[in-house]
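Reading through the structure tokens given below for one structure.
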Amino acid sequence: MISAVSDERTADQTPSAARADPGADRHAETRARGIELAGQARRGDTIAMNDLLDHLIPYVASICNPIALSSRQDAVQETLVAVFRALRSLDRPDALYAWVRSIAVREAVRIARRDARDIPVEPADFTASGTTAVTAELGSGHSRGHGHDHGTSSHDPHLAADIADVLARLSPEHRAVLVLRDVEGLDEREAAALLGVPEGTVKSRLHRARAGFRRMWTR
Amino acid sequence: MNDTSAGGGPEQPAAHESDAVLGAVGRLEVMVSGIPGARIAADVVPGDFADVWLVMGDLEGGFGRFQPDMRDLRVTHREGERVTAYARSRFGFRARLHGVVRPGWCWLQSRFLVIGMAAEPLPDGTPGTRVALTGGVRVPGRAAIVPVGAERELHRALTRLRTELAATPAGGTDPTPYD
């Protein structure tokens with residue numbers, strides 16, 4: 001049996017920002033669609049699997065891109081292979097996103113570490129998805145915690161290159177904490193459970209990652 | 001003549017935004033990972049992507065000529081990338097297929113069949129197109145393929161695809177009339 005990370009507070013239930021955000025309804029509808037597709041796919045409908053793949057790719061990319069950077073395509077594929085291989089054992093489709101998120105973070109960190117010697121990043125080839133979200137959250141000082149407006153944000157290649165350059169100087173583990181805390185909106189306890197490290201480690205990584213990011217960004 | 005509004009010819013929907021994140025062959029590998037018994041056959045074939053897909057994605061023409069057991073196929077409904085088609089095998093079996101066809105990607109299922117195809121250009125402008133096939137006899141109603149002979153059939157299909165591409169001039173031919 002596979003269960004999602006301990007909290008079942010999927011992003012739909014994340015704090016007050018979600019209630020005040022006019023995009024929350026659309027976000028909830030998107031999540032409900034993914035959960036519905038996961039249920040159909042688990043029952044053997046391969047067309048639903050196809051649609052679920054289309055549905056999950058932007059979400060998985062939004063997590064993998066800022067962590068795995070130049071290895072993002074491998075990280076996205078490895079994540080989705082792990083998800084689809086184990087989909088039948090996901091006994092609670094409503095936990096889909098928390099479960100996918102945990103796999104995406106794990107695979108992105110693993111692939112980034114594996115390929116660490118192959119970095120540097122190629123900024124010109126970098127897409128803004130995910131990294132712009134990190135910057136926005138760091139800049140705004142609070143977590144949005146309910147996902148991203150995939151594929152609709154404008155793409156500034158220079159900004160994306162700058163963000164990629166700064167992120168590339170952080171370790172994969174620090175990038176993972178930033179994504180979980182500042183983009184996905186998890187608290188320290190939840191991020192610690194997902195990463196399999198003590199809460200204090202998450203706090204110290206987050207502090208260092210934020211400080212490092214801001215220092216490098218404003219340099 | 002073909003009903004081009006429903007047929008599998010040149011009128012095709014645009015690629016999906018997710019195709020830019022994960023290539024078509026990578027997508028096929030993900031799908032196969034979730035389907036017990038499924039195998040994948042991949043190769044690089046000569047020709048530009050557009051010309052290769054003109055054959056592979058032409059459901060009522062080239063597709064039926066390179067898929068080994070397909071006698072003919074008729075698209076009965078098309079809406080965007082969604083298609084419904086009736087297929088007849090060389091052994092007389094009939095199947096009502098439904099699924100998705102868009103440039104570089106095709107996924108169809110019936111109660112007893114699954115068919116998956118992917119094609120993508122080689123990187124950096126290298127000549128040729130990477131293609132991959134999966135599918136076979138479906139365990140009825142389940143996301144599973146009967147593995148016996150599945151891989152052999154996929155390689156047969158790849159060989160026939162190469163033959164079909166060699167016989168098709170660049171830019172393709174007119175869609176095959178359906179009687």
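Annotations
- Estimated FRET transfer efficiency when R0 is 30 angstrom, pair B:R142-B:D43 (beta carbons, to 0.05): 0.60
- Per-peptide average of other Cβ atoms within 10 Å, ordering B:110-121, A:24-35, A:101-112, B:157-168 highest first: A:101-112, B:110-121, B:157-168, A:24-35
- Computed with a 1.4 Å probe over protein heavy atoms only, the accessible area of B:V52 comes to about 0 Å².
- Interface size, chains B and A: roughly 2000 Å² of accessible area buried, both sides included, 1.4 Å probe, rounded to the nearest 100.
- Take each residue of peptide B:29-40, count the partner chain Cβ atoms within 10 Å of its Cβ, and average: the result is 5.
- With a 10 Å cut-off around each Cβ of B:108-121, the average count of Cβ atoms from other chains is 1.
- Carbon-plus-sulfur accessible fraction, segment B:35-167 (probe radius 1.4 Å, protein heavy atoms only): 55%.
- Averaged over its residues, segment A:15-118 has an accessible area of 39 Å² per residue, based on protein heavy atoms and a 1.4 Å probe.
- Peptide A:75-83 has a mean of 4 when you count, residue by residue, the C-beta atoms of other protein chains within 10 Å of its C-beta.
- With the alpha-carbon atoms of segment B:35-167 aligned to their principal axes, the span from lowest to highest coordinate is 41, 32, 24 Å, starting with the largest.
The values are calculated or read from the model by the stated rules, or taken from the named source; none is laboratory data. From a predicted model like this one, the values you see are computed outputs, not experimental measurements. We place every Cβ from the backbone using ideal geometry, glycine too, and count neighbours over all the protein chains shown. In case anyone asks, the SASA skips ligands and DNA or RNA and just uses the protein heavy atoms, side chains included. Shrake-Rupley method; radii C 1.70, N 1.55, O 1.52, S 1.80 Å.
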